[in-house]
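Reading through the structure tokens given below for one structure.
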Amino acid sequence: MPVAAAGGAPAVLRSLGRCRALRGGTGPRGRWALPAGGWSLRLRSTRVSLEGINRPVVDRIIRVDHAGEYGANRIYAGQMAVLGRSSVGPIIRQMWNQEKDHLKKFNELMVAYRVRPTVLLPFWNVAGFVLGAGSALLGKKGAMACTVAVEESISDHYNNQIRTLVEEDPEKYEELLQIIKQFRDDEREHHDIGIEHNAEAAPAYSVLKTAIQFGCKAAIFLSERI
């Protein structure tokens, strides 16, 4: 949850592994057959020009996205701790691998744009793991319901950021837009995987989803600001 200079961004971003649905698959993964080896993302130093950028907007975007990808990593870590040896373990593992790539990219961007992380990272470290493990204790469907709720919130949030950057200057923020669009698409695919794995059949699905998404909105609000 790869990019060097702006001219090389599209080619590198296309190398991001995608969890595309391969229809007609068999076995515990159902019709969503993910690549066996996970995703490979080569990280290169990101060099950006800080001249003329809207610092408050860029700082807020990178800070909250870094926090979000950090939290997503902790959620998947919690799910793997409970369900790692189950039939959905490989699916969770490979979605987690992609979130690790996202986090590495935002670690790069934090340095390139000279953005400080949110002071709440220690809290998200614990809260993310507890949410992941707690949802997994409800069973496979509970874990997938958590994935659907979180990834839907993140993809919607990324869409809001895309609109903001396009309104600012799509050319000036071309590289950042490419990254956010790619990661949004990845999160949407994770959401669809959760639906395909019976997330909506989880106990009290609507209540669970609403509660998790309320927490996501609160986390976004706080991480943008402190």
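Under a 1.4 Å probe, what is the accessible area of region 97-226 per residue, stated in Å²?
Values: 5960 Å² over 130 residues.
Accessible surface, normalised per residue, equals 46 Å².
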Using Cα centres only, tell me the gap between region 94-137 and region 156-226 in whole Å.
-> 14
Among Q161, G134, A219, the residue whose Cα sits farthest towards the positive end of the charge dipole of region 113-226, when +1 is placed on the Cβ of each Lys and Arg and -1 on the Cβ of each Asp and Glu, is G134
Give the accessible area for R74 in Å² (nearest 10); use a 1.4 Å probe, count only protein heavy atoms, and leave out ligands, DNA and RNA.
-> 70
How big is region 90-136 in terms of Cα radius of gyration and Dmax, in angstroms?
-> 13.1, 36
Under 14 Å from the Cβ of L103, count the other residues' Cβ atoms, weight Lys and Arg +1, Asp and Glu -1, and hand me the total.
-> -2
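The values are calculated or read from the model by the stated rules, or taken from the named source; none is laboratory data. Owing to the predicted nature of the structure, the values given are computational and were not obtained by experimental measurement. Here Cβ is always computed from backbone atoms with ideal geometry, including for glycine, and neighbour counts include all displayed protein chains. Accessible surface areas use protein heavy atoms only, side chains included; no ligands, DNA or RNA. Shrake-Rupley method; radii C 1.70, N 1.55, O 1.52, S 1.80 Å.
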